[in-house]
Amino acid sequence: MINKNMNNELDIKKAKHQYWNHMSQAKFRKIPFLFTFEEWIKVWLDSGHYYERGIGKDKYCMSRFNDAGPYSKDNVFIQTVSKNSRDQKGKSKPAPWMIGYKQSEKTITKRMESMKNNGFNYATWAGKTMSESSNIKKSLSLKGRPWSEARRKAHQLKKEKVNGI
């Protein structure tokens with residue numbers, strides 16, 4: 001977020017960084033970006049929401065009419081991120097490389113096995129405990145790393161459990 005400095009002046013360096021970031025994102029998404037810095041900052045300042053822009057449902061973003069056409073002074077307006085997301089419902093498209101892409105059962109099974117072997121466990125992610133074999137795999141993967149106090153305590157509890165203390 002851009003802040004005003006002590007004289008209530010716009011921080012131009014940060015504003016230009018945000019402008020370049022917006023332009024880069026548009027280019028990455030293959031959307032024409034026809035703003036000069038002066039036009040871009042004017043749209044934001046005229047909206048009165050420049051200092052509230054950002055990521056989060058109550059923040060503001062620059063949106064295109066019907067989510068079509070270039071980013072230009074005649075084709076954009078400022079709205080909340082949550083409103084922009086609601087406007088997108090049902091309009092989103094899969095990534096171009098995913099269109100017509102179907103995975104075989106073998107590929108799906110292989111990926112699921114890979115996730116298990118790499119330590120991803122849905123039950124743990126959802127707040128449930130790991131199996132003993134998963135605990136051992138995780139412990140082995142952490143060998144040689146510095147120990148935090150929490151890890152040291154968990155290790156001690158596991159040793160006590162295994163040894164029946």
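Can you go through K59, K73 and tell me which one is closer than 20 Å to L10 by Cα and either surrounded by 14 or more Cβ atoms within 10 Å (Cβ to Cβ) or over 23 Å from the mean Cα position of the chain (by Cα) (or both)? Full working, then the answer.
Values: K73 fails: closer than 20 Å to L10 by Cα.
Only one candidate qualifies: K59.
If G144 meets every condition in (1) of a type outside the set (K, R); (2) under 27 Å from the mean Cα position of the chain (by Cα); (3) at pLDDT 70 or above apart from one, which number is that one?
Status for G144: all satisfied but (2).
Tell me whether the range 128-139 contains one or more residues that are modelled with pLDDT under 75, surrounded by 11 or more Cβ atoms within 10 Å (Cβ to Cβ) and aliphatic (A, V, I, L, M). Talk me through it step by step, then tell me what you get.
Going through the range 128-139, the residues modelled with pLDDT under 75 turn out to be 128-131.
With the extra rule that they be surrounded by 11 or more Cβ atoms within 10 Å (Cβ to Cβ), the set shrinks to 130-131.
Filter again for aliphatic (A, V, I, L, M), leaving 130.
Yes: the range 128-139 contains one or more residues that are modelled with pLDDT under 75, surrounded by 11 or more Cβ atoms within 10 Å (Cβ to Cβ) and aliphatic (A, V, I, L, M).
The values are calculated or read from the model by the stated rules, or taken from the named source; none is laboratory data. These numbers were taken from a predicted model, which means no experiment stands behind them. Every residue, glycine among them, receives a Cβ derived from its backbone with ideal geometry; neighbour counts consider all protein chains shown.
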